[in-house]
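The values are calculated or read from the model by the stated rules, or taken from the named source; none is laboratory data. Please read these numbers as outputs of a predicted model, since none were measured by experiment. Reconstructed Cβ throughout: ideal geometry from the backbone, glycine too, with neighbour counts over all protein chains shown. Calculation scope for accessible area: heavy atoms of the full protein, side chains included, ligands and nucleic acids excluded. Shrake-Rupley method; radii C 1.70, N 1.55, O 1.52, S 1.80 Å.
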Amino acid sequence: IDLKLAHLCIENVRIMSAADAKRQKTDAEKEAFLKVFDTLRDELVNDPLLGSDQPEQSKEWVKRMLDYNVPHGKLNRGMAVLDAILSLDEGKNICDDAMKNSARMLGWCIEFLQGYFLVADDIMDHSITRRGQPCWYKQPDIGLIAINDGIILESCIYRILKTHFSTDVSKYIHLMDLFHEVTHQTAHGQLLDTTTAPIGTVDLSRYTKERYMRIVTYKTAFYTFYLPIACGLCLYGFSRDDKAYQIAEDICMTMGQYFQIQDDYLDCFGDPETIGKIGTDIEDNKCSWLVVQALERATAEQKQIIEENYGKTDAECVNKVKALYRELRLEELFKTYETESYEEMVKKIETQTVVPKGVFMPLLAKIYKRTK
């Protein structure tokens, strides 16, 4: 028994040491990633395109705005570019320090795009907090100036691409196309989201599974999952007509749908302290996975409860909708969906042979059973 106990202790120490080593490696990479942000931010604040006489007030505004809106998320999207390249490079040793740095810069382009989307989204949704702090437009001196700040955030992407990627014309054009196309797709997903369920108008006939899946695919999946992988493929040298992009898109669409359904679940049932925001999907009349599932299962009387209370800011109305969700056992339904969806994604990843599995598995590991 003592010998078995000793072996167990040794194994536990080994597992803990491996976990510590992995955590230290992740922390070191995040630190390296954040240092690149500091460099890019300073370049953008002092952009020569704006002339040497740019007022200090403008520089200070842009620096404050970038610091507030860009580097405070989980950074999963941005860091996924380097993760993808390192997986593609396994056993080849093509990826040098310069390519790693380029991957980090591309990662920040994605984080700038995310910052732009979130600033705009918070204004449209009248949101209160984001990433554990007041939304940018909620700052006393900001308000709707945040609209112009969002435009600046997007424009920063193309300044970074021109400054750091334009010497390789083929890759530069491909990267420009990727960011323009994904922005276009995401904006149309947002359009469908906001026009399907405008605040103050409840039309339950619009909350269909088909419409919901289109919203989440275009609003979330392309920029959150496909874009980082596609950037990695491009930077590593895959031509734009390579089959790898189609394989990546197929897997990333499923992953993005799962991620957004998680987001809808957490908006209602997650801890605001943990997820960093106060969920408002019910008040905002969102076409969310929960209300779509509720309508598929509800009796006529239960649908009446949704009709009377959904899309209203009154706390009692919100609580009635949440109580109905619990009555319909939607928390348990989500858990079942989560398991089945994970198994489907793993199967898709493992059955294809074009893209290394390591390109996708770290992303999947970061989102599976997440709480924020």
(request) Considering (1) among the polar types (S, T, N, Q); (2) closer than 23 Å to Gln190 by Cα; (3) open to solvent by less than 20 Å² (accessible area, probe 1.4 Å), say which one Ser341 fails and leave the rest. (result) (2)
(message) I'd like to know if the range 316-328 contains one or more residues that are assigned to a loop (DSSP other than H, G, I, E, B) and surrounded by 15 or more Cβ atoms within 10 Å (Cβ to Cβ).
(response) yes
(request) Check the range 301-314 and report whether any residue there is in contact with a Cys (Cβ under 9 Å, 6 or more places away or on another chain) and open to solvent by 80 Å² or more (accessible area, probe 1.4 Å). (result) yes
(message) I need the full set of residues from the range 234-277 which are acidic (Asp, Glu) and either more than 20 Å from Ala221 (Cβ to Cβ) or free of Cβ contacts under 8 Å to residues at least 40 places away in the same chain (or both), in order please.
(response) Asp241, Asp242, Glu249, Asp264, Asp267, Asp271, Glu273
(message) Looking at the range 93-109, can you tell me whether even one residue there is touching a Lys or Arg at 6+ places or on another chain (Cβ under 8 Å) and either open to solvent by less than 20 Å² (accessible area, probe 1.4 Å) or free of Cβ contacts under 8 Å to residues at least 60 places away in the same chain (or both)?
(response) yes
(request) Name the residue, out of Val13, Val81, Val36, that is modelled with pLDDT under 95 and either in a helix (DSSP H, G or I) or over 30 Å from Leu144 (Cβ atoms) (or both). (result) Val13
(message) Taking the condition of being buried (at least 20 other Cβ atoms within 10 Å of the Cβ) and among the aliphatic types (A, V, I, L, M), how many residues in the range 267-285 meet it?
(response) 1
(request) Would you please name the residue that is surrounded by the fewest Cβ atoms within 10 Å (Cβ to Cβ), looking only at residues in the range 189-239 that are in a helix (DSSP H, G or I) and among the small types (Gly, Ala, Ser)? (result) Ser205
(message) Regarding the range 352-371, can at least one residue be identified that is over 30 Å from Asp89 (Cα atoms), at pLDDT below 90, in a loop (DSSP other than H, G, I, E, B) and of a type in the set (Ser, Thr, Tyr)?
(response) yes
(request) Being closer than 28 Å to Pro362 by Cα and aliphatic (A, V, I, L, M) is the filter; apply it to the range 23-60 and report the residue that is surrounded by the fewest Cβ atoms within 10 Å (Cβ to Cβ). (result) Ala28
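Please find, among Lys74, Lys63, the residue that is in a loop (DSSP other than H, G, I, E, B), open to solvent by 70 Å² or more (accessible area, probe 1.4 Å) and not hydrophobic (A, V, I, L, M, F, W, C).
Lys74
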(message) I need the full set of residues from the range 146-199 which are among the polar types (S, T, N, Q) and over 17 Å from the mean Cα position of the chain (by Cα), in order please.
(response) Asn148, Ser155, Thr163, Ser166, Thr167, Ser170, Thr194, Thr195, Thr196
(message) Any residue at all in the range 280-293 that's in contact (Cβ under 8 Å) with a residue 40 or more places away in the chain, touching a Lys or Arg at 6+ places or on another chain (Cβ under 9 Å) and of a type in the set (Ser, Thr, Tyr)?
(response) yes
(message) Exactly one condition in (1) over 18 Å from the mean Cα position of the chain (by Cα); (2) of a type in the set (Gly, Ala, Ser); (3) within 20 Å of Gly78 (Cβ to Cβ) is false for Ser205; which is it?
(response) (3)
(request) Could you run through the range 244-296 and say how many residues are assigned to a helix (DSSP H, G or I), over 16 Å from the mean Cα position of the chain (by Cα) and of a type in the set (Gly, Ala, Ser)? (result) 3
